[in-house]
Structure formats: structure tokens, C-alpha cells
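I have placed the structure first, in the form of C-alpha cells, so that the comments after it can refer back to it.
The values are calculated or read from the model by the stated rules, or taken from the named source; none is laboratory data. Since this is a predicted model, take the numbers as computed values, not measurements. Using ideal geometry, Cβ is built from the backbone for each residue, glycine included, and neighbour counts are taken over all protein chains shown.
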Amino acid sequence: MKWFRSIIIFLLIITGCTLQTEEEPKSFLRIINETTKSTVAIKIDVDQKEYKKIQLLAQENEENWVIEYDQDLQFLIEQYRLYDEYSIGSGLIISKSGLVITCSHVITETKNVKGQRYAEFANGKRYKLSNFIVNPEVDLAIGKIEEENIKFIPLKLETTRWPYRGEEVILMGSSGPIKYGFIEGKVTWSYMETTIEDRKFLTIPISGAVIPGFSGGPVVNKYGRLIGITVAQFERGVFSFAIPAKSIKELINTTQQNREK
């Protein structure tokens, strides 16, 4: 039977067949198209009283105009001055039922601002967002879209391995006039412990600086799988940090267990 097995292997080789095939990278445009479908801008539909207050404050010209007011409103006031909207960060779909993950600071930095949070897709559709579970220790938060009759498109997580040094990635997010933009970068280290605002947690450093509003947005590899979400950038704008997919997976598992109880 050895000769029979040798003939089979020979035929597989000459016909170009292999017993195992390596996964082919996706094209750049395909990655952008697929990731955009799962990426959302997280915004606040500010109630009327809050809107008028912000509008009046934003129209003032004094240099110290932000000092006198609620610190949680400062970001929204600046958003109004620059873009006439209230986008507080980015997020992404992680389940068909409409679970959305983002950074916890995207939610907590505006916790005192009155108004409905919602997720807005690139096609302009928006859905109410609530029931946030926040884990500030790793700067992650999960919310739920209040829509039961739609199957959303989640991103697949890359949890089988850590990204390798030099791996090419794409960072996506929504910030003011930049609607669902992207930045190309490379992993500068597989992972490292990072201190951000007195908190230490694992991050993936990535070359290429993001802009405010990209926090919570996806970082995907050449196969279109999620390796992390953007959490911060180095103060000099040289590179950015992402929370790894393995940390995201742990929070997803915890969230599902809590919802089942």
C-alpha cells in the first residue's frame, strides 16, 4: 500500500493540490467594506435644555469659557464649536443581537450629560444604545442596541494568537467631519503593559497616530479580523495603543454569563 499512497501524494503535487491551504489575506477594499459595516459612531442625542445650554456656551468667545462649567460638558461644547454635532467616540458590533463594544472612557467621560446614547452606522441608520456594562480596569464597555428585529454583522475576533511585530493593521473610527475614516499602521510590539490615567493593563502599541473620536474603534489585520480596539495615542502622536482582542473576549464572556443569570 506504500506505493499507492506515494502515487496519491504525487498526483496531488502535480495538480497543484495540497492537503492544507493557507488562508489568503483579504484585499484592502474588502477589509474596509466589511469593517465599516460593523463600525459605529457613538453619539448623544442631547435633550433640549442641555442642547440650549451647550449652544449658548459654544457661542461665547472668552478664552476661559470652559473653566466655569461642568467638566463633562467640555468635550461636547468643543464638538459643537467645531462640527455642530455630539459624537463622543467609536464602537463596533460584536454580536448579531446588537452588542456594541467601546472604551469605558467614551461612556464615563460624558456620564452626566443628559440625553439618549445611540449607535450610528455609516449608512446613516441609528439605533438607541443602553444597558452599558463598564469595566474601567481595562477601559472597556459593552452596550446593547435596542432593536430586536435586526441581525447585525459582528466582526470576528482574532484570539488564537497575539499579533506579531511588524504586522500590518488598519484602524477605523469616526471623528467629527471624518466619517468612518481609517489609518494604516503596523504593530510595534505584540503586547505590553501600559499605564493610562493610573491604570495598568495590556495594550498593543501600533505605529500611526489616531485622532480624538477613534477611541473604541476597531483595529483589524490583513484577514479582516479584530485584533483590538483603539484606546489612546502617545502624547507626541507617534503611535497609538489598542486593547487586545483577548481582553475583549473575556469581557464578552463575562457579559453573556451575567445576562444569563
Across the stretch 198-236, what is the number of residues that are charged (D, E, K, R) and touching a residue at least 40 places away in the same chain (Cβ under 8 Å)? 3
Go through the stretch 114-146 residue by residue and tally those that are charged (D, E, K, R), farther than 25 Å from Arg199 by Cα and modelled with pLDDT under 90. 2
Can you name the number of the only condition in (1) among the hydrophobic types (A, V, I, L, M, F, W, C); (2) over 14 Å from the mean Cα position of the chain (by Cα); (3) more than 20 Å from Ile88 (Cβ to Cβ); (4) surrounded by 14 or more Cβ atoms within 10 Å (Cβ to Cβ) that Leu157 fails? (2)
Being touching a helix residue (DSSP H, G or I) at 6+ places or on another chain (Cβ under 8 Å) and part of a strand (DSSP E or B) is the filter here, so list the residues in the stretch 135-184 that pass it. Asn135, Leu140, Ala141, Ile142, Gly143, Leu157, Ile170, Met172, Tyr180, Phe182
For residues in the stretch 185-201 being exposed (fewer than 13 other Cβ atoms within 10 Å of the Cβ) and part of a loop (DSSP other than H, G, I, E, B), which is nearest to the chain's Cα centre (by Cα)? Glu197
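Would you point out which residue out of Ile227, Ile204, Ile248 is among the hydrophobic types (A, V, I, L, M, F, W, C), more than 16 Å from Thr39 (Cα to Cα) and either touching a Pro at 6+ places or on another chain (Cβ under 6 Å) or not in a strand (DSSP E or B) (or both)?
Ile204
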